[in-house]
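The values are calculated or read from the model by the stated rules, or taken from the named source; none is laboratory data. Since this is a predicted model, take the numbers as computed values, not measurements. Positions of Cβ are generated from backbone atoms using ideal geometry, with glycine treated the same way; all protein chains shown enter the neighbour counts. Areas reflect the complete protein model, heavy atoms only, side chains present, ligands, DNA and RNA absent. Shrake-Rupley method; radii C 1.70, N 1.55, O 1.52, S 1.80 Å.
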Amino acid sequence: MGKGQRATQAYKSTEFIEQVRDEDGLVVGNPFKLAPSNSGSLLQDEGLASSKKTSSVSPAPEVKQEKTVSELEAVPSLILVTTYLSFLMLIVFAHLRDFFGKLFYPANYVQLRVQNGLAPMVSDFESLWTRRLYGRIRDCFNRPITGVAGGHVNLLDRVSHDFNNTF
């Protein structure tokens with residue numbers, strides 16, 4: 001900010017706070033008034049502001065900001081469509097597998113049914129991602145490292161004999 005007239009002024013939401021202090025340092029009068037319409041009135045000297053009206057100050061010209069296109073938005077339509085279709089296909093197959101699994105192997109889906117009058121912890125739809133999709137690819141994301149993390153890391157090889165249910 002700096003020292004001077006602007007150092008004693010602050011904005012609070014839509015109100016303009018100007019602290020006028022007496023010789024003892026106490027705030028004199030009501031410090032709240034409407035915020036100025038432009039920044040030119042803030043930059044005027046206090047002596048000039050009292051002798052001149054603010055109508056002599058022209059409003060600041062409006063600066064038009066150009067909309068920049070993010071690099072993340074520049075995805076080809078073919079890639080978007082194929083990505084959404086592949087996710088849709090994975091979710092449909094996961095639901096079909098759950099349906100037929102509940103029909104033919106009900107012992108494997110006991111945790112998703114009501115037991116002894118108690119509701120399951122999560123519904124089958126809520127746990128679909130964890131059970132069917134993430135469980136298959138979690139080895140890609142949860143890679144244990146050996147040693148100190150840095151620019152070069154050593155990965156620990158894991159082996160799973162039960163289709164990545166346990167490592």
Tally time: how many residues in the range 152-167 are within 31 Å of the chain's Cα centre (by Cα) and open to solvent by less than 70 Å² (accessible area, probe 1.4 Å)? 1
Looking at this structure, is residue 149 at pLDDT below 85 and either open to solvent by less than 70 Å² (accessible area, probe 1.4 Å) or not in a helix (DSSP H, G or I) (or both)? yes
Quick check on the range 123-137. Is at least one of its residues out of contact with any helix residue (DSSP H, G or I) (no Cβ under 7 Å at 6 or more places or on another chain), open to solvent by less than 70 Å² (accessible area, probe 1.4 Å), more than 19 Å from residue 165 (Cα to Cα) and not basic (Lys, Arg)? yes
